[in-house]
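Here the structure comes first, spelled out in structure tokens, and everything after it is commentary.
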């Protein structure tokens, strides 16, 4: 029985990395690997071709990689077009690219560590007279391996200035600013331009105040120029879409849901309204039971296939994550997961939350930040907390006042927390309940 140990490697992981790149995964330059990280020589050559294409901003697929290899006179060395087809066949989905890349990188580091260990052992056998110099050489070898691993968590002054120079140069060149705009002008102004990548924004209120409609308004506004993933646990795609159609054709929501349309209304719905909605970059995720892990996977898939600029979660309390022994534990767990989604995908996440009845027991029923303290870690984890409040929600009309006042749609958006700006700010928007839409207060009809 042989005692010879195999050099650490995983050919399946290497093939899945390259297969993922060939069928629409991320760029080879963005996953933290170099050709030297691959054990197989032909996989080294293949990844090198993918990397060269990515550096030139050329799309990576079976045809472009084959052409690159042919130009380098290395296509036959890797097994020709047949091997490229094999790599595509063994890779079921590009969604696990990062997982396989981590395996390839880890095993590469082990091989480098084995090599460094052998070199250090040889230094000991050679027994040079300057032991301090020998120890320094051994340290350098290990440091070189460490440099190839995870980046240092220590940011030096030079690192910091380099990062900031890149950041401010990018901001300088963006005329519209770096934030994703809600297109509610006063809200964007108070939020420093809009919704920022990596931020978790909590939108909370009592039931029936129009949280979903508010989130849908923002999603549609963003979707005019960018890509949105709308994750609804509470409503069907059809139910949400009825609201959009009502606003677009200028009819009450109950008319749209009732049916029996006039020919003119039917033409407006199937023509103007649906064609407008077709042009919006709003994608809906429906998968029951829905969990934060499923939302994250949907976000990754969306980002790879279509692009992604905003995620909306409607709403936290209805997600099916199971954790801990109490609702507080469960919400805390989901809060941390949602914040991780925002950071890992580098997009803003607008998460809706329903407040309990404690708000209604006070004389002033405007929600305050302490109303979240019974709701897990939402207050701590969030970057922005928005509350909705409307006087007409609580007003009771007498027999002599059968209709709401002209101001019944005035809604306060309370910015209760803003990590990077001023908190305790209130802006007004207008809620068109009949057509299920919010817009700037100054634009009310």
- Note on the structure: Here the relative contact order (percent) of the chain, from C-alpha pairs under 8 Å and at least 6 apart, is 16
- Query: Roughly how compact is region 240-287, stated as its Cα Rg over 2.2 N^0.38 Å to two decimals?
  - Reply: 1.18
- For region 1-150, what is the relative contact order in percent, using Cα pairs closer than 8 Å and at least 6 residues apart in sequence? 31
- Only helices counted: for the chain, with every DSSP H run of 4 or more residues adding -39500 (n - 2.57) and the sum spread over all residues, [θ] at 222 nm is -14000 deg cm²/dmol
- Message: Can you give me the C-alpha center-to-center distance between region 76-101 and region 193-227, rounded to a whole angstrom?
- Response: 39
- Message: Given axes a ≥ b ≥ c from the Cα gyration tensor, I'd like to know whether region 1-150 is rounded (a/c under 1.5), prolate (a/b larger than b/c) or oblate.
- Response: prolate
- Query: How compact and how long is the chain, expressed as Rg and Dmax of its alpha-carbon atoms in Å?
  - Reply: 28.0, 104
- Dividing the convex hull volume of the alpha carbon atoms of region 147-297 by its residue count, what do you get in Å³ per residue? 192
- Cα convex hull volume per residue for region 185-443 (Å³): 144
- Item | Contact order relative to length of region 173-232, as percent, for alpha carbon pairs under 8 angstrom and 6 or more apart | 31
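Values quoted throughout were computed directly from the atomic coordinates according to the rules given, and no laboratory measurement underlies them. Treat the numbers as computed from the prediction; the structure is a model and nothing was measured.
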